[in-house]
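Written out below as structure tokens is the structure these notes cover.
The values are calculated or read from the model by the stated rules, or taken from the named source; none is laboratory data. Just so we're clear, the structure is a prediction, and the values are computed from it rather than from any experiment. Cβ atoms come from the backbone with ideal geometry, glycine included; neighbour counts cover every protein chain shown. The area values use the complete protein model at the heavy-atom level, side chains included, leaving out ligands, DNA and RNA. Shrake-Rupley method; radii C 1.70, N 1.55, O 1.52, S 1.80 Å.
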Amino acid sequence: LLFLLFHRKLKKNFIDAIDSEERTKFIALSVTFFLIIGVYWMLRSMKDAFITELVGVGYIRQVKIISPFAFVIALLLYNKLIGSFRRHRLFFVVCSIYALAFSLMGYFYAYPFPVSESPLVAWIPGRALGWIAYIVIESFGGLVVNALFWSFVSNTTTTISAKQGYPLIFLAGQIGSLLGPGFVVGFSESIGFDGLFYTASVII
């Protein structure tokens with residue numbers, strides 16, 4: 001019964017309300033948002049456990065203080081990229097950077113790089129990877145989810161079609177926010193942190 005009601009509502013407000021080209025666009029955007037939100041909540045649900053293992057639970061407060069300042073730097077770099085790439089290419093460039101970053105995190109977690117004695121990182125408590133991962137995950141949510149995706153959607157969508165298409169995007173995001181943490185709960189023990197980072201990279 002719920003499925004029939006949902007289908008009827010979807011058909012009335014989305015399928016029959018906008019033309020096929022806009023409908024295809026919103027389906028693609030919804031799938032994209034589903035994947036982005038799924039990855040973000042997967043990473044968000046594991047970041048505290050990750051820094052706890054590599055650095056210690058007592059340093060979570062410190063990294064939360066540092067993270068906003070690091071995000072400002074990431075935002076400045078993002079603004080530089082805006083002037084260099086068109087909207088759709090910027091989307092691929094930024095996502096590729098994060099995909100590469102998470103791949104490297106998975107690799108260096110599985111195969112630690114012997115830099116702990118280097119003066120550059122010797123002053124950092126625990127493994128530097130824990131601090132870096134936390135900050136990068138935080139910036140992923142701020143840049144890709146909030147700045148990049150929604151600016152892309154708003155620049156390619158009219159006010160009229162947004163009324164029909166935005167609810168579908170939000171629905172896809174809600175599903176992703178449920179499945180992302182669920183994936184961590186179901187597979188973290190079998191694939192480990194490195195496997196979770198590799199999975200995030202592939203999905204991005």
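In region 85-112, of all residues being under 19 Å from F33 (Cα atoms) and of a type in the set (S, T, Y), the one that is most open to solvent (accessible area, probe 1.4 Å) corresponds to S96. Being of a type outside the set (K, R), closer than 22 Å to P112 by Cβ, at pLDDT below 90 and loosely packed, with under 13 Cβ neighbours inside 10 Å is the requirement here; does V57 meet it? It is true that V57 is of a type outside the set (K, R), closer than 22 Å to P112 by Cβ, at pLDDT below 90 and loosely packed, with under 13 Cβ neighbours inside 10 Å.
Summed over region 154-173, the residues that are open to solvent by less than 50 Å² (accessible area, probe 1.4 Å), part of a helix (DSSP H, G or I) and out of contact with any helix residue (DSSP H, G or I) (no Cβ under 6 Å at 6 or more places or on another chain) give a count of 1. Note on region 70-100: among residues that are among the basic types (K, R) and part of a helix (DSSP H, G or I), the one that is nearest to T199 (Cα to Cα) is R89.
With respect to the stated conditions, F140 fails to be of a type outside the set (S, T, Y), open to solvent by less than 80 Å² (accessible area, probe 1.4 Å), modelled with pLDDT of 80 or more and farther than 23 Å from V57 by Cα.
Just name the residue that is modelled with the lowest pLDDT out of those in region 84-123 that are of a type in the set (D, E, K, R) and within 30 Å of T157 (Cα to Cα).
The selected residue is R87.
Of the residues screened, A200 is not one that is modelled with pLDDT of 85 or more, crowded, with 16+ Cβ neighbours inside 10 Å and more than 28 Å from Y109 (Cβ to Cβ). Just one of the numbered conditions (1) small (G, A, S); (2) at pLDDT 90 or above; (3) at positive phi is not true of G126: (2). When the residues of region 15-46 are filtered to those that are modelled with pLDDT of 90 or more and not hydrophobic (A, V, I, L, M, F, W, C), the one that is most open to solvent (accessible area, probe 1.4 Å) is R44.
Table: residues versus (1) small (G, A, S); (2) surrounded by 13 or more Cβ atoms within 10 Å (Cβ to Cβ); (3) assigned to a helix (DSSP H, G or I); (4) modelled with pLDDT of 85 or more.
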| position | (1), (2), (3), (4) |
| --- | --- |
| L148 | no, yes, yes, yes |
| I175 | no, yes, yes, yes |
| G182 | yes, yes, yes, yes |
| G186 | yes, no, yes, yes |
| S190 | yes, no, yes, yes |
| L196 | no, yes, yes, yes |
